[in-house]
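Working notes for the structure below.
The values are calculated or read from the model by the stated rules, or taken from the named source; none is laboratory data. Owing to the predicted nature of the structure, the values given are computational and were not obtained by experimental measurement. Cβ coordinates were reconstructed from backbone atoms using ideal geometry, including for glycine residues, and neighbour counts include every protein chain displayed.
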Amino acid sequence: MTTTKLHNPTGSRPTSATTTWATAPTRTISAGGVTFAYRELGPRTGVPLVFLHHFTAVLDDWDPRVIDGVSAERHVIAFDNRGVGATSGSPSSSMEQMADDAITFVKAKGFERVDLFGFSMGGMIAQEMVLKEPRLVRKMILAGTGPAGGEGISTVARIANYDLLRGLFTGQDPKQFLFFTRTPGGIEAGKAFLQRLKERSENRDKEITLSAYAAQLRALGAWGRKEPADLSVVKQPVLVANGDDDRMVPTSNTRDLARRLPNSTLVIYPDAGHGGVFQFHAEFVPTALEFLAR
């Protein structure tokens, strides 16, 4: 049994005129003992595109330029993982559990087939989903991510904690270091991205908790130590993207992932890091739309 309702703390009535990520209402749907928080945009036609979160992300961490750009033509849904943001329950500590939760959410929404956009940790969740339920997935976009057992993935905790401290000592958001290069172009792109994340001023999501942060670090560590899956069985078209200098999930993983997937297209952005698809949103959005429309 599933239920859905609008989460509207102000008591104001949402209107159908909502067209941007900055103003989209947060709704909830309950399934499998979890109440998932999500937002939905775009035309309610065609195959829905489900966005899968990166490490530490809540709904307000998605780049509005990417969400708004893609939802101009596609039905887009993004949701909080279990125990993260406004979604209930205890946070999952493995990619397999997160994939099960994502499948539960998709089916609760009544979707029989979806496209997936997984960024970073979300790309790992997407890989588990397509292996568990191949008939549920039509196409995938995997950005800033890599295969199980990939180079450097098991040490994400060290990098994340180091950059968290760098952020605290310099008064900057850790994403400036984690997602972008330290070149002039990368630094400016990071500042612009972080400003875009502030565009939503009302009804923002809850921040991730320390327990959820720790659970996701355990999931990333286990994924990095896991034996690689046989991705040759994934016949779906996949767009694989990253920056050319990703220090969080080294770019070599992106190239390796594209090689392992038999029906993949690879895009590498220059002078860009983990957040390459956000830095190059003006190029990425039309590439993604063209890929989904093929």
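Pairing each residue of region 57-70 that is farther than 15 Å from residue 283 by Cβ with any residue that is among the small types (Gly, Ala, Ser) and part of a helix (DSSP H, G or I), provided the two are 6+ apart or on different chains, yields C-beta distances under 9 Å for 57/122. If residue 173 passes every condition in (1) in a loop (DSSP other than H, G, I, E, B); (2) closer than 30 Å to residue 262 by Cα; (3) modelled with pLDDT under 95 but one, which one does it miss? All conditions pass for residue 173, except number (2). For region 140-156, residues that are under 16 Å from residue 54 (Cβ atoms) and either of a type in the set (Ser, Thr, Tyr) or buried (at least 24 other Cβ atoms within 10 Å of the Cβ) (or both) total 8. Screening the candidates 255, 247 for the property of being of a type in the set (D, E, K, R) and at pLDDT below 95 yields one hit, 247. Restricting the first member to region 245-261 and to residues that are at positive phi, and the second to residues that are modelled with pLDDT under 95, no beta-carbon pair is closer than 9 Å while six or more apart or on different chains. Given the condition buried (at least 24 other Cβ atoms within 10 Å of the Cβ) and within 14 Å of the chain's Cα centre (by Cα), answer yes or no: does some residue in region 97-114 qualify? Taking every residue of region 97-114 in turn, at least one turns out to be buried (at least 24 other Cβ atoms within 10 Å of the Cβ) and within 14 Å of the chain's Cα centre (by Cα). Just one of the listed residues (96, 73) is of a type in the set (Asp, Glu), over 20 Å from residue 194 (Cβ atoms) and without any contact (Cβ under 8 Å) to a residue 60 or more places away in the chain, namely 96. A Cβ distance below 8 Å, combined with a sequence gap of six or more or placement on separate chains, defines the contacts here; from region 224-242, residues that are in a helix (DSSP H, G or I) reach residues that are charged (D, E, K, R) and at pLDDT 95 or above in the pairs 231/260; 232/260.
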